[in-house]
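The values are calculated or read from the model by the stated rules, or taken from the named source; none is laboratory data. The shown structure was predicted, so the numbers you read here are calculated from the model rather than taken from an experiment. Virtual Cβ from ideal backbone geometry, glycine too; neighbours counted across all protein chains shown.
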Amino acid sequence: MKGSIETLMKGFSWPKGCQGAISLTFDDGLSSQLKIAVPLLNKYGLRGTFYLVPKGEDWKNKLYPWREIARAGHEIGNHSLSHPCSCNFSGDPNCCGLENMSLEDIAADITEAQRRLETLFPEQKYWTYAYPCYQDFVGIGESRRSYVPVVARYFIAARGVGEMVCANSPLACDLHYLWSWPVERLSGASMIGLAERASAQGRWGIFTFHGINEGHLPVSKVDFEEFLAFLHRSRDRIWVAPVSEVARYILSHRRLNK
């Protein structure tokens with residue numbers, strides 16, 4: 001099995017002799033991320049990627065606490081301005097959702113969010129995007145279009161959703177629609193199992209968190225800390241880094257091996 005994995009990797013290797021990579025991502029800038037997730041990440045010497053939505057008139061004040069988080073080495077990401085998802089969630093065919101948007105509409109939404117985020121976090125050089133509700137389309141029926149090409153114009157990488165059985169291949173993944181694992185309500189042991197599988201396959205596993213002991217998509221603090229403690233213990237074989245850092249490493253490899 002080891003030989004077949006090495007053959008598939010075609011000379012690719014992760015930094016520091018690690019077997020695989022993991023990124024920890026957090027959506028929506030929830031209060032439990034500031035109060036629980038960030039202190040625990042810092043405790044275990046890990047860095048995450050936090051996807052923020054800079055909406056509303058008071059967006060600067062609401063997001064200001066994240067400036068300190070960014071200075072501590074965590075990554076800030078773009079999660080759009082209006083967090084548009086399918087109208088199927090609300091059941092209202094006239095909602096301000098993806099079915100009623102054009103590629104121009106979504107581009108305007110994303111770029112305004114980016115303008116605001118760069119105002120608040122001018123030190124950050126590389127940016128990634130997370131698709132709200134993991135959905136990458138606008139329009140409906142024959143007019144439905146992917147907006148992945150729009151995202152690819154502005155970001156080094158972008159996070160979507162994938163299959164639980166497989167993480168991202170550093171050689172084959174689409175950096176502008178990376179697969180991730182939504183891990184709400186998963187146990188610490190289940191998250192550890194996913195990370196171990198990604199590492200055994202030489203792949204990049206991306207975990208998507210929302211609330212820690214909070215909201216309708218929660219992970220318990222106990223399970224979250226169990227997972228972080230495992231990653232800390234496994235740091236000699238599993239590389240844990242923000243999304244843009246792993247994406248840049250993969251891009252560098254691809255450019256060298258064209």
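Structure summary
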{"item": "The range 231-258, residues that are assigned to a helix (DSSP H, G or I), surrounded by 14 or more Cβ atoms within 10 Å (Cβ to Cβ) and more than 20 Å from the chain's Cα centre (by Cα)", "result": "HIS253"}
{"item": "Complete set of residues in the range 131-174 that are among the small types (Gly, Ala, Ser) and within 19 Å of GLY202 (Cα to Cα)", "result": "GLY162, ALA167, SER169, ALA172"}
{"item": "Residues being of a type in the set (D, E, K, R), in a loop (DSSP other than H, G, I, E, B) and surrounded by 14 or more Cβ atoms within 10 Å (Cβ to Cβ) - total across the range 98-126", "result": "0"}
{"item": "Search result, residues across the range 157-199 that are assigned to a helix (DSSP H, G or I) and farther than 22 Å from GLU75 by Cβ", "result": "GLY188, ALA189, SER190, ILE192, GLY193, GLU196, ARG197"}
{"item": "Flag for SER13 being modelled with pLDDT of 95 or more and in a helix (DSSP H, G or I)", "result": "no"}
{"item": "Residue check, HIS210 within 19 Å of LYS35 (Cα to Cα) and under 13 Å from the mean Cα position of the chain (by Cα)", "result": "yes"}
{"item": "Test set (1) touching a His at 6+ places or on another chain (Cβ under 9 Å); (2) free of Cβ contacts under 8 Å to residues at least 24 places away in the same chain - GLY56 fails condition number", "result": "(1)"}
{"item": "Selection from the range 43-97 of residues that are crowded, with 22+ Cβ neighbours inside 10 Å, among the hydroxyl-bearing types (Ser, Thr, Tyr) and in a loop (DSSP other than H, G, I, E, B)", "result": "SER80"}
{"item": "Some residue of the range 206-216 being closer than 23 Å to ARG233 by Cα, without any contact (Cβ under 8 Å) to a residue 40 or more places away in the chain and part of a loop (DSSP other than H, G, I, E, B)", "result": "no"}
{"item": "Leading residue by the ranking (surrounded by the fewest Cβ atoms within 10 Å (Cβ to Cβ)) among those in the range 158-207 that are under 23 Å from ASN257 (Cα atoms) and charged (D, E, K, R)", "result": "ASP174"}
{"item": "Selected residue (criterion: surrounded by the fewest Cβ atoms within 10 Å (Cβ to Cβ)) from residues of the range 137-151 that are in contact with a Phe, Trp or Tyr (Cβ under 9 Å, 6 or more places away or on another chain) and part of a helix (DSSP H, G or I)", "result": "VAL148"}
